[in-house]
Amino acid sequence: MKQGLKYLHDNRAQLSFRTVIIVPTAILPAVLNMRVRYWRLNITEVLNSAYPAEKANHWDIKCMQGEYEHFGVFWYRYGTPFDKEPVHGLCFYYNDVSRKIIDDLASFLQSNFGGKLLSIHSRGFLQGSKEFADGRSIGTLANELSLRFSAPVELTIEFEKMAKEEIDQESFKLPSSKALPITGPG
């Protein structure tokens, strides 16, 4: 007998691996803890959505100012990396947008949501600002940004801990055609 191995029978039966097939049921959905990103959403779709805010992991409002010029406001549930440490609160980014627009954006966000303004490269962080993940608040902010900066907007919301059925049945009142499953740990 090899060291460390113990056999249950004298005939020294070989160990075998067994495959377990889990059949989806109402209690056990087909995919557990799935991450899904809904992208290219418009303001109305987000305002009319009905999802549990605790499942939202990330959202982004992208505002176009030209073909390549744009800025966005975003939020991550677990904080946004700032010099290797997470900062909690709303954040924004910009690409080829005038300093005047960026200053106006920072002022607008800070006056409405508070927080200490931190900047690095082409990103701004409102450390400690008010955080939210519900569709009504995200949609309202997107509408205010669109009107204030005369910019078409595109929204993205990422969810965690979702079941495939929630997407297929449009449980969150978001179009399943705009759902993009994200591979990796949920």
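What the table shows:
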quantity	calculated
Checking residue 136 against (1) closer than 19 Å to residue 53 by Cβ; (2) at pLDDT below 95; (3) not β-branched (Val, Ile, Thr), the condition it does not meet	(2)
Those residues of region 65-91 which are in contact with a Phe, Trp or Tyr (Cβ under 6 Å, 6 or more places away or on another chain) and not in a loop (DSSP other than H, G, I, E, B), in sequence order	71, 72, 73, 75, 82, 87, 91
Residues of region 45-64 that turn out to be part of a strand (DSSP E or B) and small (Gly, Ala, Ser), as a count	1
Residue check for residue 147: farther than 23 Å from residue 52 by Cβ, part of a strand (DSSP E or B) and at pLDDT 95 or above	no
Cβ pairs under 6 Å, 6+ apart, first in region 153-172 and among the charged types (D, E, K, R) and buried (at least 19 other Cβ atoms within 10 Å of the Cβ), second modelled with pLDDT of 95 or more and part of a strand (DSSP E or B)	158/37; 158/57; 158/58
Residues that are within 25 Å of residue 38 (Cβ to Cβ), touching a Gly at 6+ places or on another chain (Cβ under 8 Å) and of a type in the set (Gly, Ala, Ser), drawn from region 93-142	129
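A quick yes/no check of all residues on (1) surrounded by 16 or more Cβ atoms within 10 Å (Cβ to Cβ); (2) in contact (Cβ under 8 Å) with a residue 60 or more places away in the chain; (3) hydrophobic (A, V, I, L, M, F, W, C):
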| site | (1), (2), (3) |
| --- | --- |
| 45 | yes, yes, no |
| 50 | no, yes, yes |
| 55 | yes, yes, no |
| 58 | yes, yes, no |
| 61 | yes, yes, yes |
| 65 | yes, yes, no |
| 85 | no, no, no |
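The values are calculated or read from the model by the stated rules, or taken from the named source; none is laboratory data. Predicted model only: the values in this text are computed from it and were never measured. Don't worry about glycine lacking a Cβ; one is built from the backbone with ideal geometry, like all the others, and counts go over all protein chains shown.
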